[in-house]
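The values are calculated or read from the model by the stated rules, or taken from the named source; none is laboratory data. The model shown is predicted, which means the values in this text are computed figures rather than measured ones. Note that we place each Cβ from the backbone using ideal geometry, even for glycine, and neighbour counts take in every protein chain shown.
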C-alpha cells in the first residue's frame, strides 16, 4: 500500500471496476465541462490521476470523478487505462478523443454562448487564459467543423473597454488572495495630480468593459472604488488587513442594477435612497421590459409610466435617467430633481 500511494490505489480500484456498468446511463449537464477537461488532460499525455482531476475540476469529489471516468469508459467507450508506473490515466489509442456525439444541442449552444461572452473581457489579463481553457474543452467539437453555426450566429458586441496592465493585475490579485495592503497612485477624484493610496482591497468589479477595485483606505473609515485604468505604480506593500464581516459590494448595492458607482462612500456605505421617476414616449417600453431594481414598482397612467425603487447609485441613476433625454422626469428624491435641473440648464447654455 505504501509503495503505490493513494493515487495508485484509486487507479487500481478504477481498473478493477472496468467491466462493471456504471449506474449513470445519461450524462447530467454539469458533467459536460468535467468530462471535456478529463478528455483533454488524458489526451495530452500528462497521465492525470483521480485526486489531481478532482482538485482541478472545481474541487469535485473523488467519487464524482470516478463516475465520470466510468461513464466515459463504459458508455462512450473511451479506451481509458491506468498506468501504475506513471500513476495516471492514458488512452490506449493515442489519437482518441471523446466523440462529437457526446455533445447535445443544449451543450453546443451553451459553449457557443460562453465563447461569445468572453469578448467582453478581451482587454483584460484573464482573457487569454479563459479563452484557451474553453478552447481545450471545445476541441472535440471544433475539430469536427461543427462550431461555425454558433460562433457566427451568437454574437455579443464588445463594449468600450480600457486595457489593464498585466503587472498591476497580478499585484491586485495577490493583494486580494492574501489580504495584503496595496499601494498605488490615482487621480480618480478628477484631480490633475495623482495621489498615493494605501488600500485594503475587498473585491474586483467588472462593469460595461471596465474593471474597478472596491475596498477601503488604510486607517480611514471609508469605502472607495477605483478604476483600474487610472491606477499607476501598483504594487503589493508591507502589511496585511482583516477582511470585515460585511464587505461584499453586492450586499451594499444589491437593490439596483445600475453598474458600478465610483468615488468615496461614508462608513455605512453609499447612501440608499428611494427614487421615483416618470418616463413617457419611447422610453415607456424601455422601462417596462427590464428589471432595474429588485424592489421596483411600476405604475402606468395614460401618458407615462412611473418607476419607484431603492438604490445606492445616485450618479448612475442620474446618468441612466439623462440617457432618455426629454422622455424622463425625476419626481424624488429632491437632490435628484435639483441636480437634474442644474444639468439641463447647463446643457441649454451650451446649446446657445
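Numerical summary
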quantity: Any hit, region 46-55, residues being touching a strand residue (DSSP E or B) at 6+ places or on another chain (Cβ under 9 Å), over 22 Å from residue 132 (Cβ atoms) and modelled with pLDDT of 90 or more; calculated: yes
quantity: Total residues in region 93-140, condition modelled with pLDDT under 70 and more than 28 Å from residue 162 (Cα to Cα); calculated: 15
quantity: Candidate set: region 53-91, residues that are closer than 17 Å to residue 39 by Cβ and in a loop (DSSP other than H, G, I, E, B); chosen: the one nearest to the chain's Cα centre (by Cα); calculated: 58
quantity: Any chance residue 340 is part of a helix (DSSP H, G or I) and under 15 Å from residue 259 (Cα atoms); calculated: no
quantity: Neighbours by Cβ (under 9 Å, 6+ apart or cross-chain): first from region 48-62, buried (at least 17 other Cβ atoms within 10 Å of the Cβ); second assigned to a loop (DSSP other than H, G, I, E, B) and at pLDDT below 85; calculated: 53/60; 54/60
quantity: Subset of region 150-183 [in contact with a helix residue (DSSP H, G or I) (Cβ under 8 Å, 6 or more places away or on another chain) and under 13 Å from residue 226 (Cβ atoms)]; calculated: 162, 164, 168, 172, 182
quantity: Residue that is surrounded by the most Cβ atoms within 10 Å (Cβ to Cβ) [pool: residues in region 161-172 that are assigned to a helix (DSSP H, G or I) and touching a strand residue (DSSP E or B) at 6+ places or on another chain (Cβ under 8 Å)]; calculated: 172
quantity: Residues of region 298-311 classified as touching a strand residue (DSSP E or B) at 6+ places or on another chain (Cβ under 7 Å) and either closer than 16 Å to residue 333 by Cα or part of a loop (DSSP other than H, G, I, E, B) (or both), total; calculated: 7
quantity: Of all residues in region 224-255 being in contact with a helix residue (DSSP H, G or I) (Cβ under 9 Å, 6 or more places away or on another chain) and closer than 27 Å to residue 309 by Cβ, the one that is surrounded by the fewest Cβ atoms within 10 Å (Cβ to Cβ); calculated: 246
quantity: Residue tally, condition surrounded by fewer than 21 Cβ atoms within 10 Å (Cβ to Cβ) and either in a strand (DSSP E or B) or on the phi > 0 side of the Ramachandran plot (or both), over region 213-223; calculated: 3
quantity: Matching residues in region 325-336 - criterion: being part of a helix (DSSP H, G or I) and under 19 Å from residue 287 (Cα atoms); calculated: 325, 326, 327, 336
quantity: Residue list for region 63-90, restricted to those being on the phi > 0 side of the Ramachandran plot and surrounded by 17 or more Cβ atoms within 10 Å (Cβ to Cβ); calculated: 87
